[in-house]
1. What's the number of the condition Ile72 fails, among (1) of a type in the set (A, V, I, L, M, F, W, C); (2) within 18 Å of Gly89 (Cβ to Cβ); (3) buried (at least 19 other Cβ atoms within 10 Å of the Cβ)?
2. For region 1-31, which positions are touching a helix residue (DSSP H, G or I) at 6+ places or on another chain (Cβ under 6 Å) and either in a helix (DSSP H, G or I) or farther than 14 Å from Gly67 by Cβ (or both)?
3. Across region 42-60, what is the total count of residues that are of a type in the set (Lys, Arg) and not in a loop (DSSP other than H, G, I, E, B)?
4. Checking Tyr27 against (1) modelled with pLDDT of 95 or more; (2) buried (at least 17 other Cβ atoms within 10 Å of the Cβ), only one condition comes out false. Which one?
5. Could you look through region 79-92, keep only residues that are charged (D, E, K, R) and more than 12 Å from Val61 (Cβ to Cβ), and pick out the one that is surrounded by the most Cβ atoms within 10 Å (Cβ to Cβ)?
6. Filter region 30-54 down to residues that are charged (D, E, K, R), closer than 18 Å to Asn92 by Cα and more than 13 Å from the chain's Cα centre (by Cα) and give me whichever is surrounded by the most Cβ atoms within 10 Å (Cβ to Cβ).
7. Which of the residues that make up region 61-100 are more than 25 Å from Met50 (Cβ to Cβ) and assigned to a helix (DSSP H, G or I)?
Amino acid sequence: MTVEALRTHLKEGRPVEMLDVREAHEYGGGEDAIPGSKNVPMGQVFVDAMQGTLPKDRKIVTICKTGSRCAIVADELKKKGYDIEHLEGGLNAWHQGTAA
């Protein structure tokens, strides 16, 4: 999902679960996180999916710093039937879009 598409999705109030898949030490206090996102490290996302606690009833967008790690998570969970996408370019692209 592009930054523009996610911003539109949020602006229109459509339900979306935003998962920041960075590790806790990378996430820190979440100062650079997208408002409304939850920090769920990559490994925990896979555990949640295996345990059935990851929502299948709404869109999920995975987020990381550059878009690489979150793409891996999204690709794997899409194969398991989740309505999931990753944020292209990650937080770097999100924050560049904010400055524009």
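The values are calculated or read from the model by the stated rules, or taken from the named source; none is laboratory data. Computed from a predicted model, the values in this text were never measured in an experiment. Virtual Cβ from ideal backbone geometry, glycine too; neighbours counted across all protein chains shown.
1. With (1) of a type in the set (A, V, I, L, M, F, W, C); (2) within 18 Å of Gly89 (Cβ to Cβ); (3) buried (at least 19 other Cβ atoms within 10 Å of the Cβ) applied to Ile72, the lone miss is (3).
2. Within region 1-31, Val3, Val16 qualify.
3. 1
4. For Tyr27, the exception is condition (1).
5. Residues of region 79-92 charged (D, E, K, R): 79-80, 83, 85, 88.
If we keep only those that are more than 12 Å from Val61 (Cβ to Cβ) too, we end up with 79-80.
Details: Lys79: 9, Lys80: 12.
Here the answer is Lys80.
6. That would be Asp32.
7. Leu91, Asn92, Ala93, Trp94, His95, Gln96, Gly97, Thr98, Ala99
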